[in-house]
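Engineer: The structure is given below, and queries will be raised subsequently.
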């Protein structure tokens, strides 16, 4: 599965330490990923990710990217040193962190690192959340209300030497 297909899959199915945010009484209300939660403010996110580069893509929408110092399950992202907001879609810049904000609130967060194996991540998440809603060779997806947590393994592009990436994301 290419990374493009995985990215398209997220809206429809929608740092490894993913956990559900709990409401009073223990009911889970949303997912968190590496300390960030869906719906958190841009200011809160920025305080935890001071090196993230952000750009407004529309009046109420902001996209953020971070390449340096990004890791997932002990695996570090190894993007090009030349990555920037302008080159974020380049093959050499797909590893790292991507966040999207709408009206100042986090609506999507993903971490991507080079790896062809999702077994450990999926096993740990199954311990926390039980059976996922979807479980295939390429992707595993949990849902909670309108929020999703996904683990996807796929080629970064259709290029023959394209790396295989492990992407863990929350959206909602």
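The values are calculated or read from the model by the stated rules, or taken from the named source; none is laboratory data. Since we're looking at a predicted model, the values are computed, not measured. All Cβ positions, glycine included, derive from the backbone under ideal geometry; neighbour counts span all protein chains shown.
Engineer: Among 78, 120, which is the only one that is in a helix (DSSP H, G or I) and within 17 Å of the chain's Cα centre (by Cα)? Before the answer, list the steps.
Structural biologist: Values: 78 fails: in a helix (DSSP H, G or I).
Of the residues listed, the single one that is in a helix (DSSP H, G or I) and within 17 Å of the chain's Cα centre (by Cα) is 120.
Engineer: Among the residues of the stretch 117-145, how many are out of contact with any strand residue (DSSP E or B) (no Cβ under 9 Å at 6 or more places or on another chain) and modelled with pLDDT of 90 or more? Give the derivation first.
Structural biologist: First pass over the stretch 117-145, keeping only residues out of contact with any strand residue (DSSP E or B) (no Cβ under 9 Å at 6 or more places or on another chain): 119-120, 123-124, 127, 136.
Retained after the next criterion (residues that are modelled with pLDDT of 90 or more): 119, 136.
Going through the stretch 117-145 one residue at a time, the tally reaches 2.
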